[in-house]
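The block underneath contains the structure these notes are about, expressed in structure tokens.
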Amino acid sequence: MNHKGILVVSFGTSFPETRRKTIDAIEADLRTAFADRAFYQAFSSTFIVRKLRERNMPVPYVTEALDRALAEGITDLLVQPTYLLHAQEMEKLQETLETYRGRFEMIRVGKTLLAEDRDLQEIAACLPQMYPMTEKKENVLVLMGHGTAHSYNNIYQKIDVLLAEKEPHILIGTVEAKPDLEDVLRQIREIASKQTVAHVYLAPFLVVAGDHAVHDMASEEEDSWQSRITAAGFETSSILKGLGEFSEIRNMYIRHAKEALD
């Protein structure tokens, strides 16, 4: 009997199309990379799990997945979150796992996507390949993140500094923290004062292109990022493609999971 398992924990999404392209794709790659382990999945958002169950699309809560792994004889569990930052959701997951440590012989936990400085360097280096329109320097790419009140929000500012040094026409902002849309607009205007800005592309700096991407970023509502940047005089369009769709990002999760085993 196989006593080893891997549990992939995501915040979750109620948008089935982006889930298939992002969370499901990450899970599939991790399942392949750790084929010697029984596979389990869970969503940590109570709201999303309830919403999916109302649609007859059940997904386990974290505790339900852990209980199932125990019931099926798993003693050595590898847990890999698909969270972007080590913020509130990751801390909540760690607290839950602590209550199970005496029940499994071994629990090892992979880091979030952007947990260390080398992760920031890696993702900054990957962005031009992920978004080839940035090869034309007159195109500006704006990445919209969520933002958090947690101290780990400084990750966005660190990435902003990295991009300013290496790819100054790639900008990052957040919906709920700093840098925000006003900071992004200021940066676009600064670029436009020095060169022609042919087009502004918007893309979610989110694992899934869900509610924030569809409504806050790309909608035709007058307060969406796309509408605000267009109103500022720039030709603007949105790329509804979550980070989980890119193999470069999925490979970073696999690396973190392998490092957890080491």
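The values are calculated or read from the model by the stated rules, or taken from the named source; none is laboratory data. Predicted model only: the values in this text are computed from it and were never measured. Cβ sites come from the backbone with ideal geometry, for glycine too, and all protein chains shown count toward neighbours. When the accessible area is computed, the model is the full protein with side chains, heavy atoms only, and any ligands, DNA or RNA have been set aside. Shrake-Rupley method; radii C 1.70, N 1.55, O 1.52, S 1.80 Å.
Can you give the convex hull volume per residue for the Cα atoms of region 126-232, as a whole number of Å³?
Taking only Cα atoms, region 126-232 has a hull volume of 100 Å³ per residue.
Taking the Cα centre of the chain as the origin, how large is its charge dipole in debye, to the nearest 20, when only Lys and Arg (+1) and Asp and Glu (-1) carry charge on their Cβ atoms?
For this selection, approximately 500 debye.
Loop only by DSSP, 11 or fewer other Cβ within 10 Å of the Cβ. Give me the GluC sites (Glu not before Pro) in region 1-90 that pass, ordered by residue number.
Qualifying residues, ordered by number: none.
Just to verify a number: FRET efficiency for GLU72 and GLU17, C-beta to C-beta distance, R0 = 25 Å, to 0.05? Write down the numbers at each step before the final one.
Details: r = 31 Å, r/R0 = 1.24.
According to the calculation, E is roughly 0.20.
What is the helix-to-structure angle for 88-98, meaning the angle in degrees between its Cα long axis and the longest Cα principal axis of the chain, kept from 0 to 90 and rounded to the nearest 10?
10
Please state the relative contact order of the chain as a whole percent: Cα pairs under 8 Å, 6+ residues apart?
On the way: 464 pairs, mean separation 55.5, N = 262.
About 21 percent, as a whole number.
Using protein chains only and a probe of 1.4 angstrom, how many square angstrom of SER151 are accessible, to the nearest 10?
Roll a 1.4 Å probe over it and SER151 shows about 90 Å².
Kindly provide the pair-distance distribution of the chain built from C-alpha pairs, with 5 Å bins from 0 and whole-percent values in order of increasing distance.
Answer for the chain: a P(r) of 1, 6, 13, 17, 18, 15, 11, 8, 5, 3, 2, 1, 0, 0 percent.
How big is the shadow of the Cα convex hull of region 182-235, averaged over all directions, in nm²?
Average of the hull's projected areas for region 182-235 equals 3.8 nm².
How far, in nm, would the chain grow between THR196 and THR46 when pulled straight, counting 0.36 nm per residue and subtracting the alpha carbon separation?
49.4 nm
Given LYS92/LYS241; LYS4/LYS158; LYS51/LYS158; LYS166/LYS258; LYS136/LYS241, which pairs have Cα atoms separated by over 31 Å?
Beyond 31 Å: LYS4/LYS158; LYS51/LYS158.
Could you tell me which GluC sites (Glu not before Pro) in region 140-209 are loop residues by DSSP with no more than 15 other beta carbons within 10 angstrom of their beta carbon?
Numbers: sites: GLU165, GLU176, GLU182, GLU190; in loops: GLU176.
Filter output for region 140-209: GLU176.
By per-residue mean of other Cβ atoms within 10 Å, what is the highest-first order of 238-245, 96-103, 139-146?
Highest mean packing first, the order is 139-146, 238-245, 96-103.
If you roll a 1.4 angstrom probe over the protein chains with everything in place, what fraction of the accessible area of the chain belongs to carbon and sulfur, to the nearest %? Provide the component values of the computation, followed by the final result.
On the way: 5890 of 12000 Å².
Within the chain, the accessible surface is 49 percent carbon and sulfur.
HN-Hα J couplings of region 120-126 from phi, Karplus 6.51/-1.76/1.60, θ = phi - 60°, integer Hz, Gly and Pro as x?
5, 4, 5, 5, 4, 6, 7
Working out 0.36 nm times the residue gap between PHE39 and GLU91, then minus their Cα-Cα distance, what length gain in nm do you get to one decimal?
16.5 nm
With everything on Cα atoms, drop me the angle between helix 154-166 and the longest principal axis of the chain, reported from 0 to 90° to the nearest 10.
Long axis of 154-166 versus the principal axis of the chain: about 50 degrees.
Between GLU165 and GLU182, 0.36 nm times their residue separation minus their Cα-Cα distance comes to what?
4.1 nm
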